[in-house]
Amino acid sequence: MSTTPASPVTVLGLGAMGTALATAFLTNGHPTTVWNRSAAKADPLVARGAVRAGDLAAAVTAGELVVVCLLDHASVREVLDPVAADLAGRTLVNLTNGTPAQAREAAAWAAAHGITYLDGGIMAVPPGIGTEQAFVLYSGAREAFDAHRPALERLGAAHFVGTDAGLAALYDIALLSGMYGLFSGVVHALALVDTEKVPAERFAPMLSAWIAAMAGSIPHFAHEISTGDYTQGVVSSIGMQAAAFGNLITTAEEQGVRPVLFTALQELMERRVADGHGAENLTGIAELLRK
Ligand code: FVH
């Protein structure tokens, strides 16, 4: 058993996620200093043992590791710009959702002020923080990641994805893109069966099982995307799928459900077929997505 004391952590931003992060640090014995624009949000954490920082400068100088989780990139810059000098020599871990370009801009800003920077993407909802389902992506300063990994692992499995600070955001946005593709299909499917008063609860287990089975295709899709070869092991050609896809659009229209979530995909499939790739796999539409 390790006798190393849990390292001090500062958490800036106590919205739903920041509160969950601070709670995970506290639960695991890390001396935790907290700050939020609306100070009252710190009260429940202070009751659990957190230290309320008197002001922002006191918050960022309370320890070596400063975790920030605010609404967006603009709010991070607004909060951190005035305390850049106080942050010098410390490690800043930015777990605010953002784009790769924003992450790189934040990394450049940090470097210009002598701040060690890690950008992160949280793949969990607040109640999931600290559970086995949660994982967090990090990119940027590798040595800082290694040094602070024991603390960062308190939030969820910690994955370092590269020294380019923008990579965690890229992985994060790509994972969210997959999630929203899934969610939009699920909502459309439930709306469709609802038009005939099929109880959603009766249909849902079938939908879950179908999606789980289809997720087994992801490794093959990945191989095709990385090789650019969409011709191997074709069992459901895009030509066949494009023909059947018309029924998906028509059924939605006939049932009174707007097919807007699928019309872009239909257009890509038909273009791919028209371009002579009808015997290939669906994954080839990636060629049309690239600008
Ligand atoms: N909650 C979730 O499910 C997702 C899971 C994945 C990661 N996201 C991202 O995490 C960031 C924070 O999300 P959140 O859930 O904590 O969001 P809110 O509960 O709305 O809290 C927002 C905090 O940001 C503070 N804030 C906003 N604008 C400013 C500003 N201009 N100056 C200072 N602070 C600002 C706000 O403060 P206050 O309103 O309480 O005073 C909250 O602390 C986010 O990037 C998600 O995309 C969450």
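Dipole magnitude for the stretch 204-290: computed about the Cα centre from +1 point charges on Lys and Arg Cβ and -1 point charges on Asp and Glu Cβ, it is near 160 debye. Projecting label points 7 angstrom from Cα along Cα→Cβ for ALA157 and GLU143 puts them 2.9 nm apart.
For the chain, the 222 nm mean residue ellipticity estimated from helices alone, with every DSSP H stretch of n ≥ 4 adding -39500 (n - 2.57) and the total spread over all residues, rounds to -15500 deg cm²/dmol.
Take the convex hull of the alpha carbons in the stretch 9-165; its mean projected area over all directions comes to 7.8 nm².
With a Förster radius of 25 Å applied to the beta-carbon distance between THR195 and ALA215, the computed FRET efficiency rounds to 0.40.
Assuming charge only on the beta carbon of Lys and Arg (+1) and of Asp and Glu (-1), the dipole of the stretch 5-121 about its Cα centre is about 220 debye to the nearest 20. Per the Cα gyration tensor, the chain maps to an equivalent ellipsoid with semi-axes of 44, 22, 17 Å, ordered largest to smallest. Taking all Cα pairs closer than 8 Å and separated by 6 or more residues, the relative contact order of the stretch 6-106 comes to 28 percent.
Were the residues from VAL234 through ALA286 laid out at 0.36 nm apart, the gain over their Cα-Cα distance would be 17.1 nm.
Available extension along the chain between ALA47 and GLN266 is 73.4 nm, counting 0.36 nm per residue and deducting the alpha carbon span. Average projection, convex hull of the Cα set of the stretch 195-289: 6.9 square nanometres.
Legend: Rg and Dmax of the stretch 209-253, from Cα coordinates, 13.1, 37 Å. When Rg and the Kirkwood radius Rh are both evaluated on Cα atoms of the stretch 120-232, their ratio Rg/Rh stands at 1.09. Within the listed set TYR171, TYR180, TYR138, the Gaussian network model of the chain (springs between alpha-carbon atoms below 10 Å) gives the highest mean-square fluctuation for TYR180. When the Gaussian network model of the chain links Cα atoms closer than 10 Å, the mean-square fluctuations of SER177, SER237, SER75 top out at SER237. Each Lys and Arg Cβ is given +1 and each Asp and Glu Cβ -1; about its Cα centre, the chain then shows a dipole of about 580 debye.
Each value in this text was obtained by applying a stated rule to the coordinates, not by laboratory testing. These numbers were taken from a predicted model, which means no experiment stands behind them. Every residue, glycine among them, receives a Cβ derived from its backbone with ideal geometry; neighbour counts consider all protein chains shown.
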